[in-house]
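Reading through the structure tokens given below for one structure.
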Amino acid sequence: MSKRWSRRKFDEFEQFAIDVIYGRREGLAAAMFGAFLQLCSHLFSGIVQARLWLYRQRILHDQPLGCLVVVVGNLTVGGTGKTPVVEKFARALQEKGRKVAILSRGYKSKAPPLWKKWWFWLTHTEPEPPRVVSDGERVLLDSELAGDEPYMLARNLPGVVVLVDKDRVKAGAYAIKRFGCDTLVLDDGFQYLPLKGRLNLLLVDTTNPFGNGHLLPRGILREPVKHLRRASYVFLTKSNGQRDEELEQMIQRFHPGVDMIECAHRPRYLQRLDGDERREVASLAGRKIAAFSGIAAPDSFEGFLRSAGARLVHTRRFLDHHRFTADDLAEIAEEAKAAGAELILTTEKDAVRIPTGQKFPLPVFYLRLEIEIVRGAADFAEAVDKICRPAGSWVTG
């Protein structure tokens, strides 16, 4: 049995499971699998509730680091547009004079070889340090070792330290001691309870706020919706400019009076993959485009292209965080040419997973997105200002 065949079968099963969770599959097999996932969800819910109870009762303790901590996260798995929000917030804090470190777990990053861990353990007395993606001056790791999001943040935020470690307490202590950071931003940290945030920024995707309402693995929720009451601010992401009063009323029901900041992901420009060329998004109008992506919400990416006037003659979707092989890319290029595409487009997140030096018969660009606050700009500025108050106006933790 070839490795490639095994990988294809695993991907097919994973796609089947995702389709069941999102209600895109019907039939006996989907119904039976959905029932099994529902049983697992009850077990998962019990574990989540028990863990939160242990922290509330102080049986398990968070570990203060004497530094301001900002948490950015969500209640769901999948693409809520978190990375651009982390980038915008970290940049705003940096511009206010804070020494910022972003702490990430490095989801789907490649861990160092086991022998290196053993060698460090045998030759050192202190714990192994976190992986330094950026020391604030240079990007030191690629996307494979750092993870997609940490690498993107490091590349787009010169002057900001980016660290990867599952133990964010250890990573935070390292950022303070090694780099003199005074502000820690926990990327995807809403469920990371050992390091308590002074501000908790919760992201809710307006296009699919809470999925089917079920917890993992039957749905996309990591914890019940009522737990959004832990949020200091709620960011409503992927806004189309129209208020969703039903969603806002639900949020207010669970967390009365919470400030909501509505934001949209705006396409800014097209960046050529193998060079410095940039093009205006308006240049897509009327052009025949092939698009591919390996993200949680490919519909939004393809929707951006259509709204810009592109004629999508071919699309190819992969699983989230898919690491592209030479064979994958050769197939994409062949299919794009056969469809009559003039150029190939992907996302910035996918672009970091394309091997360096890969050749294409057509120009390949990625779409650069940035966050724009469409409502609640004053609340966003207030959140930044709260962190940047003079020393002594906060009790750190």
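The values are calculated or read from the model by the stated rules, or taken from the named source; none is laboratory data. No experiment lies behind these values; they were computed from the predicted model shown. Note that each Cβ is placed from the backbone with ideal geometry, even for glycine, and that neighbours are counted across all protein chains shown.
Observations on the model:
- Looking only at residues of the range 331-347 that are surrounded by 18 or more Cβ atoms within 10 Å (Cβ to Cβ) and not aliphatic (A, V, I, L, M), we find that the one that is nearest to LYS82 (Cα to Cα) is THR347.
- Residue check, ASP320 of a type outside the set (Phe, Trp, Tyr), within 29 Å of PHE16 (Cα to Cα) and buried (at least 18 other Cβ atoms within 10 Å of the Cβ): yes
- Residue match in the range 369-382 (condition: within 16 Å of GLU302 (Cβ to Cβ), under 26 Å from the mean Cα position of the chain (by Cα) and modelled with pLDDT under 95): yes
- Flag if ALA171 is touching a residue at least 60 places away in the same chain (Cβ under 8 Å) and touching a Cys at 6+ places or on another chain (Cβ under 6 Å): no
- Some residue of the range 217-228 being part of a loop (DSSP other than H, G, I, E, B), farther than 20 Å from VAL77 by Cα and modelled with pLDDT of 95 or more: no
- Pairs linking a residue in the range 372-386 that is closer than 19 Å to VAL100 by Cβ and assigned by TED's automatic domain parsing to the domain that holds ARG198 to a residue that is part of a helix (DSSP H, G or I) and of a type in the set (Val, Ile, Thr), with Cβ atoms under 8 Å and 6 or more positions apart or on different chains, do not occur.
- Pair list, Cβ < 7 Å and 6+ apart or interchain, from the range 87-98 residues that are within 17 Å of LEU163 (Cα to Cα) and of a type in the set (Val, Ile, Thr) to residues that are surrounded by fewer than 20 Cβ atoms within 10 Å (Cβ to Cβ) and at pLDDT 95 or above: none
- Looking across the range 271-291, the residues that are over 20 Å from ALA339 (Cβ atoms) and either of a type in the set (Gly, Ala, Ser) or outside any strand (DSSP E or B) (or both) come down to ASP274, GLY275, ASP276, GLU277, GLU280, VAL281, ALA282.
- Some residue of the range 247-265 being of a type in the set (Gly, Ala, Ser), in contact with a His (Cβ under 7 Å, 6 or more places away or on another chain) and within 30 Å of ALA50 (Cα to Cα): no
- Wholly within the range 60-140, strands (runs of 3 or more DSSP E) carrying at least 1 residues that are under 23 Å from VAL234 (Cα atoms) and either of a type outside the set (Val, Ile, Thr) or at pLDDT below 95 (or both): 68-74, 100-104
- Segments classed as strands (runs of 3 or more DSSP E), wholly inside the range 304-397, with at least 2 members that are over 22 Å from ALA282 (Cβ atoms): 311-317, 364-375
- SER293 in contact (Cβ under 8 Å) with a residue 40 or more places away in the chain and either within 21 Å of TYR269 (Cα to Cα) or of a type outside the set (Val, Ile, Thr) (or both): yes
- Looking across the range 142-166, the residues that are more than 16 Å from the chain's Cα centre (by Cα) and at pLDDT 95 or above come down to PRO158, GLY159, VAL160, VAL161.
- Pairs meeting the criteria (first residue in the range 269-285 and within 19 Å of ARG306 (Cα to Cα), second residue in a helix (DSSP H, G or I) and charged (D, E, K, R), beta carbons under 9 Å, at least 6 apart or on different chains) are GLN271/GLU348.
- Applying the condition of being in contact with an Asp or Glu (Cβ under 6 Å, 6 or more places away or on another chain) and of a type in the set (A, V, I, L, M) to the range 261-290 and asking which residue is farthest from VAL204 (Cα to Cα) yields ALA264.
- Residues of the range 20-59 satisfying the condition of being surrounded by 12 or more Cβ atoms within 10 Å (Cβ to Cβ), of a type in the set (D, E, K, R) and in a helix (DSSP H, G or I): ARG51
- Those residues of the range 31-57 which are without any contact (Cβ under 8 Å) to a residue 40 or more places away in the chain and charged (D, E, K, R), in sequence order: ARG56
- Test: residue in the range 276-295 that is in the same structural domain as LYS337 (by TED's automatic domain parsing), closer than 23 Å to HIS321 by Cα and hydroxyl-bearing (Ser, Thr, Tyr): yes
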